[in-house]
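These notes concern the structure reproduced below.
The values are calculated or read from the model by the stated rules, or taken from the named source; none is laboratory data. What you see is a predicted model, and the numbers here were worked out from it, not measured in a lab. All Cβ positions, glycine included, derive from the backbone under ideal geometry; neighbour counts span all protein chains shown. Just so you know, the surface numbers come from the protein's heavy atoms only, side chains and all, with ligands and any DNA or RNA stripped out. Shrake-Rupley method; radii C 1.70, N 1.55, O 1.52, S 1.80 Å.
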Amino acid sequence: MKMIAASIMCADSLHLADELRALEQANVKMLHCDVMDGVFVKNAAMGAYVLQDIKNNTDMLLDIHLATVNPDKFVDLYAAIKPAYMSFHVEASPDVDATINHIRELGIKPSIAISPDTEIEQIYPFLEKVDMVLMMTVNPGFAGQKFQHHVLEKIKKLQKELESHTNKPLIEVDGNIFEETVRLIEPIGADVYVVGTAALFNDKPGSYTEKLAPLREIIQER
């Protein structure tokens with residue numbers, strides 16, 4: 001599977017209904033939803049009521065990224081929205097296996113997230129148990145940061161590690177994803193590309209369909 005996911009936090013919050021229609025018209029299949037608690041990262045974003053309203057007004061899949069401490073508390077809060085995926089940070093959970101099981105027991109596909117400066121080996125023990133790995137290519141918290149090129153080497157290591165695994169979780173990349181960085185990532189291999197201000201939600205001319213066209217040509221979304 002190759003897919004583009006739109007980071008809905010970066011959309012025009014005053015016109016979310018219009019944004020959802022525009023994304024649907026651009027054939028976006030999934031929305032990446034950043035939940036931030038102001039503790040794990042120095043920002044706060046995307047309350048459960050907002051995401052429930054989004055869920056009620058679109059058929060696009062939801063991919064919830066918990067950039068929070070105590071992720072299990074937030075798993076319960078956001079599970080009612082019924083997202084397709086829910087990510088939590090390996091750096092934040094006191095019991096990673098328990099959090100994975102908690103998410104799966106609620107009928108949601110578990111995903112493990114890892115920040116740029118965390119060693120990739122920390123997630124190896126959990127690769128057989130998750131459906132996706134969220135590789136942050138910027139520090140979680142704020143849009144508009146520079147792409148951290150050393151994460152490319154981490155993706156290479158992850159791909160190598162997965163060669164010996166029966167379970168092959170999707171690899172999702174998030175952070176300053178646009179045509180230039182997609183060209184760097186695609187030869188290494190990723191499955192879900194989260195796009196925000198750099199590629200999509202900006203003042204550059206063109207519809208969302210037109211803005212996503214160069215990325216789709218590179219990744220051959222399917």
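With the whole protein complex present, residue 209 retains an accessible surface near 70 Å², based on a 1.4 Å probe.
Match the structure shown to one of the listed values [x] 65, 55, 35; [y] 44, 38, 31; [z] 48, 41, 32 of Cα extents along the principal axes in Å, computed from it, and give that label. Answer label, from the structure shown: [y].
Shown for the chain are the DSSP H helices of 15 Å or more along their axis, judged by Cα atoms, with a mean Kyte-Doolittle hydropathy of at least -1.0: 151-162, 208-219. Pairs 29/129; 29/204; 55/168; 73/157: which exceed 26 Å Cα-Cα? 55/168; 73/157, as the Cα separations exceed 26 Å there.
At q = 0.09, 0.12, 0.20 Å⁻¹, what log₁₀ I(q)/I(0) does segment 92-222 have when each alpha carbon counts as one equal point scatterer in the Debye sum? Here log10 of I(q) over I(0) equals -0.28, -0.49, -1.20. Accessible area per residue for segment 1-116, computed on protein heavy atoms with a 1.4 Å probe, is 42 Å². Over segment 78-213, Cα pairs under 8 Å with separation of 6+ residues give a relative contact order of 19 percent. With protein chains left intact and a 1.4 Å probe, residues in segment 152-206 average 46 Å² of accessible area per residue. Solvent-free Debye calculation, one equal scatterer per alpha-carbon of segment 166-209: log10 I(q)/I(0) at 0.23, 0.34 Å⁻¹ equals -0.82, -1.23. Using only side-chain charges placed at the Cβ, +1 for Lys and Arg and -1 for Asp and Glu, the dipole size of the chain relative to its Cα centre rounds to 280 debye.
Going 7 Å from the Cα of residue 2 along its beta-carbon direction, which residues of segment 163-206 have the amide nitrogen within less than 15 Å of the resulting point? What the label zone holds, given the 15 Å backbone N cut-off, is 171-173, 178-194. Determine the distance separating the Cα centre of segment 1-71 from the Cα centre of segment 129-143; give it in Å without decimals. The distance from the Cα centre of segment 1-71 to that of segment 129-143 comes to 14 Å. Could you tell me what percent of the accessible area of segment 45-84 is made up of carbon and sulfur, with a 1.4 Å probe and every protein chain present? In segment 45-84, the share of accessible area belonging to carbon and sulfur is 55 percent.
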